[in-house]
Amino acid sequence: MTPSLDALVAFAEAYDRGVRDRTVLLGIARHLIETHSVLTAAGGETRTALHFLSELFHAQPELRQAHRHEQVAAMTFSPHVPGDGVTAADIAEAFAAPGRTRDLARYVLEFIRASDTGATLDRLAAGAAAPDLVPCLAGDAALLALLRAAPVEDWELEQGLTALRRILLRATGNDEALRLCVALAMQCHLNEFIFEETEEDRQHVAALSEQVRAALQSCREPPALAVAAIAMHRRLGEALPEIEPWLTSAGGELREIARVHVVEPREEARLAAAMPSLTPIGDGVSALVRAQYERHPFPRWTTARIGNRQPLAALIADNLPALPMPQDLPDPCSLLVAGCGTGLHAIELASHIRTSRVLAIDLSLRSLAYARRKARDFGLNEIAFAQADLMELSGFAERFDVISSIGTLHHTRNMREAWRVLRGLLRPRGLMHIGLYSRIGRDRIAETQRLIKEEGLDSSDETIRAFRRTIATRRPDLFRMLIGTAPFYSTSELRDLVFHAQESRHDLLEIGGILEQLDLEMLGLHVHPEVRARYREAFPDDPAMTSIANWHRFEVANPGTFTNMYQFWVRSRR
Ligand SMILES: C[S@@+](CC[C@H](N)C(=O)[O-])C[C@H]1O[C@@H](n2cnc3c(N)ncnc32)[C@H](O)[C@@H]1O
């Protein structure tokens, strides 16, 4: 199924005609989930389409079972009849189903905001008392599932959750308080402790840590609530290393805290120590960038969109619907992922194409170890991970059919040089999948970065937390822009967005020049279906949508088109 605006229209028309083609309808639904933020920014199509989907799920309840994410998305926005909306139990089940829960979480936020829980959190944020707080919130399956699934990308709700964490830090316990504490601890693990912490909070955490230490020293069981409360603020393996043996054997509610605070980090340390190395790491920028990602591997993702392996040509047809299908693509193909980070993109890509070999490299051993562990969790053991500086790969003997490098070249000392090195590793008629920051799209981000530089802010967790608060009063315009971005809600992502050690930005004309030099041809850019439709209207004489000059004109006229990155496929001419 090719996701496009045309498909949405086809869906609406088919629906009106009473045609019920599940494959088409569910393909669109999935696309809606995947592109939710872009679609809502782009206009009202999401709601229209979700309304149709809601009707579909109402008419065919058996579909709900197999397509939990789509159902929750559709019915959160558009219940077919009043009272037929999604329930907290539906949401909890959907989060347990496969798929990227972070996308789903954005829909669930709507549900929470409109619920009693949303009202309770608003009251807490305003400093008001909320009666029956703990039992009410601990009984909300949707909230508990959301807190475990993805960073909460909503500034107002975050204020309520921060107030709740403050109350729980001082709570004397029952099972309900413990259940909430554990869910909040999982949330704080996902967002890397980005919630604001006061001096008084720190003192409470220190006092609880003393209490736990004293219990361990005298061979008593530490109180589970105190352990969970500390885990809302600190990584236990680092802040209280002596708790490890006890915690790893603790059962019940603390088991998941033990997994993410102790068991997985230990496993990652083992994998990092065993990681093969292909090149030395260059001095200067590569060393600087490596240091950032060793300290703070990025992104810390949990769930992925795992696909069915298909020939490369089918993936290209899905990605670039306007392009006449290239006929001579290898199947299976060999794949290099350069700058794989913690592996999300590499794992998703490798799961979607038939490959004969996959090599994924990065500077950061800790990121690679995270990627390796996650690949194993998804059963993708054939991906070979290795440490390498891509700037040093020119002497590497192996060649690849496909090279993917998303969000990496602009973090090297010289983007052109880095691209040239990778180009040298491409087989004749090979494909490159590149993601690069747009100068035009990141205009406001660059302004934020300048401000950070002028103020001489470092990139420590504490500074990043304080920055989120001060930017609201210092520069409300930038704050409003930032709170609408996903990275604002997790420490390593916000660091990557505005506190990066090295970043360059580019435009399409410059990229066009590099393609000429490297003898590469543009196959197409990833764009939102609505953008595709608008481009087609503006440039009807470019049906394959590959003219870089046109796309540049389009971006100048629509500066928000590539706020995240340019992502495109190119192919070697020889
Ligand atoms: C922003 S992260 C992107 C990670 C991944 N591609 C993704 O989309 O999630 C950039 C990654 O590029 C890696 N990187 C930067 N310069 C590199 C170099 N010279 N050689 C290899 N990896 C590099 C960093 O270590 C980091 O993990």
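From the list Arg373, Arg357, which one is part of a strand (DSSP E or B) and more than 12 Å from the ligand (Cβ to nearest atom)? Step through it out loud before you land on a result.
Values: Arg373 fails: part of a strand (DSSP E or B).
Of the residues listed, the single one that is part of a strand (DSSP E or B) and more than 12 Å from the ligand (Cβ to nearest atom) is Arg357.
Might you check whether a residue that is more than 10 Å from the ligand (Cβ to nearest atom), among the acidic types (Asp, Glu), touching a residue at least 40 places away in the same chain (Cβ under 8 Å) and not assigned by TED's automatic domain parsing to the domain that holds Arg295 occurs anywhere in the range 460-468?
So in the range 460-468, the residues more than 10 Å from the ligand (Cβ to nearest atom) come out as 460-468.
Narrowing the set further to residues that are among the acidic types (Asp, Glu) leaves 461-462.
Then drop every residue that is not touching a residue at least 40 places away in the same chain (Cβ under 8 Å), which leaves 461.
Remaining after also requiring not assigned by TED's automatic domain parsing to the domain that holds Arg295: 461.
Among the residues of the range 460-468, at least one is more than 10 Å from the ligand (Cβ to nearest atom), among the acidic types (Asp, Glu), touching a residue at least 40 places away in the same chain (Cβ under 8 Å) and not assigned by TED's automatic domain parsing to the domain that holds Arg295, which makes the answer yes.
Can you find even one residue in the range 210-232 that is modelled with pLDDT of 95 or more and under 22 Å from Arg469 (Cα atoms)?
yes
Going through the range 265-284 one residue at a time, which ones are assigned to a helix (DSSP H, G or I) and buried (at least 17 other Cβ atoms within 10 Å of the Cβ)? Give the steps one after another, and end with the answer.
Taking the range 265-284 first, the residues assigned to a helix (DSSP H, G or I) are 265-273.
Matches in the range 265-284: Pro265, Glu268, Leu271, Ala272.
Go through the range 295-328 and report how many residues are in a helix (DSSP H, G or I) and surrounded by fewer than 16 Cβ atoms within 10 Å (Cβ to Cβ). Break it down stepwise before answering.
Here is the first cut: in the range 295-328, the ones in a helix (DSSP H, G or I) are 295, 312-319.
Filter again for surrounded by fewer than 16 Cβ atoms within 10 Å (Cβ to Cβ), leaving 295, 318.
Number of matching residues: 2.
What number of residues within the range 379-393 are within 14 Å of the ligand (Cβ to nearest atom) and either outside the structural domain of Leu409 (by TED's automatic domain parsing) or without any contact (Cβ under 8 Å) to a residue 12 or more places away in the chain (or both)? Can you show your working first?
Step one: list which residues in the range 379-393 are within 14 Å of the ligand (Cβ to nearest atom), which gives 383, 385-393.
Subset that is either outside the structural domain of Leu409 (by TED's automatic domain parsing) or without any contact (Cβ under 8 Å) to a residue 12 or more places away in the chain (or both): none.
So the count comes out to 0.
Which pairs do you get when a residue that is at positive phi and assigned by TED's automatic domain parsing to the domain that holds Asn308, found in the range 357-378, comes within reach of a residue that is assigned to a helix (DSSP H, G or I) and near the ligand (Cβ under 9 Å from one of its atoms), reach meaning Cβ atoms under 7 angstrom, with the pair 6+ apart or on two chains?
From the range 357-378, no pairs qualify.
Of the residues Gly424, Gly441, Gly407, which is within 10 Å of the ligand (Cβ to nearest atom), surrounded by fewer than 22 Cβ atoms within 10 Å (Cβ to Cβ), of a type outside the set (Asp, Glu) and modelled with pLDDT of 95 or more? Lay out the reasoning, then the answer.
Numbers: Gly424 fails: within 10 Å of the ligand (Cβ to nearest atom); Gly441 fails: within 10 Å of the ligand (Cβ to nearest atom).
Criteria check complete, one pass: Gly407.
Under 6 Å by Cβ, and 6 or more places apart or on different chains, what pairs join a residue from the range 297-313 that is within 13 Å of the ligand (Cβ to nearest atom) with one that is among the aromatic types (Phe, Trp, Tyr)?
Listed by first residue and then by second, the contacts come to Pro297/Tyr370.
Which is assigned to a loop (DSSP other than H, G, I, E, B) and either of a type in the set (A, V, I, L, M, F, W, C) or surrounded by fewer than 23 Cβ atoms within 10 Å (Cβ to Cβ) (or both), of Thr172, Thr120, Thr162?
Numbers: Thr120 fails: assigned to a loop (DSSP other than H, G, I, E, B); Thr162 fails: assigned to a loop (DSSP other than H, G, I, E, B).
One residue alone meets the criteria, Thr172.
On the basis of being among the aliphatic types (A, V, I, L, M), surrounded by fewer than 18 Cβ atoms within 10 Å (Cβ to Cβ), in contact (Cβ under 8 Å) with a residue 60 or more places away in the chain and outside any helix (DSSP H, G or I), does Ala544 make the cut? Please lay out each step first, then the result.
Values: among the aliphatic types (A, V, I, L, M): yes; surrounded by fewer than 18 Cβ atoms within 10 Å (Cβ to Cβ): yes; in contact (Cβ under 8 Å) with a residue 60 or more places away in the chain: yes; outside any helix (DSSP H, G or I): yes.
Spelling it out, Ala544 is indeed among the aliphatic types (A, V, I, L, M), surrounded by fewer than 18 Cβ atoms within 10 Å (Cβ to Cβ), in contact (Cβ under 8 Å) with a residue 60 or more places away in the chain and outside any helix (DSSP H, G or I).
Restricting to the range 246-262, what's the tally of residues that are free of Cβ contacts under 8 Å to residues at least 24 places away in the same chain, out of contact with any Leu (no Cβ under 9 Å at 6 or more places or on another chain) and in a helix (DSSP H, G or I)?
The qualifying residues number 4.
Looking at this structure, is Val260 of a type outside the set (Phe, Trp, Tyr) and more than 20 Å from Leu409 (Cα to Cα)?
Values: of a type outside the set (Phe, Trp, Tyr): yes; more than 20 Å from Leu409 (Cα to Cα): yes.
Considered against the rule, which asks whether it is of a type outside the set (Phe, Trp, Tyr) and more than 20 Å from Leu409 (Cα to Cα), Val260 comes out as yes.
Gly339 versus (1) near the ligand (Cβ under 10 Å from one of its atoms); (2) touching a residue at least 60 places away in the same chain (Cβ under 8 Å); (3) buried (at least 19 other Cβ atoms within 10 Å of the Cβ); (4) at negative phi: which is the lone unmet condition?
(4)
Given (1) modelled with pLDDT of 95 or more; (2) in the same structural domain as Ile316 (by TED's automatic domain parsing); (3) of a type in the set (A, V, I, L, M); (4) within 30 Å of Pro297 (Cβ to Cβ), where does Val527 come up short, assuming only one miss?
(1)
The values are calculated or read from the model by the stated rules, or taken from the named source; none is laboratory data. Just so it is clear, the structure is predicted and the values come from calculations on it, not from any experiment. Because the Cβ atoms are built from the backbone with ideal geometry, glycine has one as well, and the counts that use them run over all protein chains shown.
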